[in-house]
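Trainee: One structure, as structure tokens, below. Some questions next.
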Amino acid sequence: MPDAIRRVLTIAGSDSSGGAGIQADVKTLTALGVHAMTAVTAVTAQNSLGVVGSWALPAAAVVAQLDAVLVDGVDAVKTGMLAEAEIVEAVAERLATLEVPIVVDPVGVASRGQRLTAPSAMEAIRTRLLPLATVVTPNLAEVAELTGREVRGEADLADAARAVWDLGPRWVLVKGGHLDGDPVDVLFDGEQTYRLRGERIDTAHTHGTGCTLASAVAAFLARKWTVPQAVERAKDVVRRAIESGYAIGPGPGVVNPSAARSALDQPVSD
């Protein structure tokens, strides 16, 4: 689509608090100047204190959304909460027909601790979806669930990235933000290892960071950036979103993806 807006499809669950899930995806994609398309996989009832309830949509409803959207075409795809194995299987079947970048955020547990994805669905993500992924973006808990490998410190990150890479994705971004000290992530393509360091931001308003990061990567890949370029800029997007995060209720607050607009003004590194 020369001279046209890029289109990114997010396949994820709805977060009624507006902080994460498909709401965070749409806000991030819009802030980064791409058109957001959606396929809702689940509805959650949640607020700043946590998840009250979660209901997966029938796989047929997810497939109907995908089939409708794909008629118009997409330039990249991002997946998030895929609660049941049947949904994962249906999504993987459709994505296998595409020749666009696919970013997989293998959501297992909400940031506040509640499980969002059945263990059987995580197994389907591991075996069916990861081999289709251009980039997969697990946090440390998701690394453990996908590979059985525990990350206890920065020295374990590279081995963890290789363990996930062995499952079939082209690139792996292991997010090390839950380790002590300043955060460091590892990006790995089977040969090169990139260590991406940041500074710890002292805030409780971090709900939605994983969704924002994966969506930003998808947005930049839709613009034909390389994976290292996309990941580097996506981390800048998340930093800006955390720095401008805010409270929405009595619990921890949310990141602010609208702050990502300024990230587009920076030059792209080689």
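Read-outs throughout are calculated quantities, based only on the coordinates presented, and are distinct from any laboratory measurement. Please read these numbers as outputs of a predicted model, since none were measured by experiment. Here Cβ is always computed from backbone atoms with ideal geometry, including for glycine, and neighbour counts include all displayed protein chains.
Trainee: Among Thr38, Val135, Val151, whose Cα sits farthest toward the positive end of the charge dipole of region 7-261 (+1 at Cβ of Lys/Arg, -1 at Cβ of Asp/Glu, about the Cα centre)?
Mentor: Of Thr38, Val135, Val151, it is Thr38.
Trainee: Specify whether the C-alpha gyration tensor of region 1-81 places it in the rounded, prolate or oblate class, a ≥ b ≥ c being the square roots of the eigenvalues: rounded for a/c under 1.5, otherwise prolate if a/b is larger than b/c and oblate if not.
Mentor: Oblate, since a/c reaches 1.5 and b/c is not below a/b.
Trainee: If you don't mind, another one. Would you please give the FRET efficiency between Leu179 and Ser244, computed as 1/(1 + (r/R0)^6) with r the Cβ-Cβ distance and R0 = 25 Å, to the nearest 0.05?
Mentor: Efficiency, from the Cβ-Cβ distance: 0.55.
Trainee: Taking θ = phi - 60°, what integer Hz values does the Karplus form 6.51 cos²θ - 1.76 cosθ + 1.60 yield along region 199-215, in sequence order, with x for Gly and Pro?
Mentor: With coefficients 6.51, -1.76 and 1.60, one gets 10, 5, 9, 7, 7, 9, 8, 10, 5, x, 5, x, 5, 4, 4, 5, 5 Hz.
Trainee: Shape verdict for region 7-261, please, from the Cα gyration tensor: rounded (a/c under 1.5), prolate (a/b greater than b/c) or oblate.
Mentor: rounded
Trainee: Compute the length gained on full extension between Thr127 and Ala158: take 0.36 nm times their separation in residues and subtract their Cα-Cα distance, giving the result in nm to one decimal.
Mentor: 9.0 nm is the gain from fully extending Thr127 to Ala158.
Trainee: Treating the beta-carbon of each Lys and Arg as +1 and of each Asp and Glu as -1, no other charges, what is the dipole magnitude of region 7-261 about its Cα centre, to the nearest 20 debye?
Mentor: 540
Trainee: I would also like to ask the following. Within a Cβ distance under 11 Å of Ser120, other residues only, what is the Lys/Arg minus Asp/Glu net charge?
Mentor: That works out to -3.
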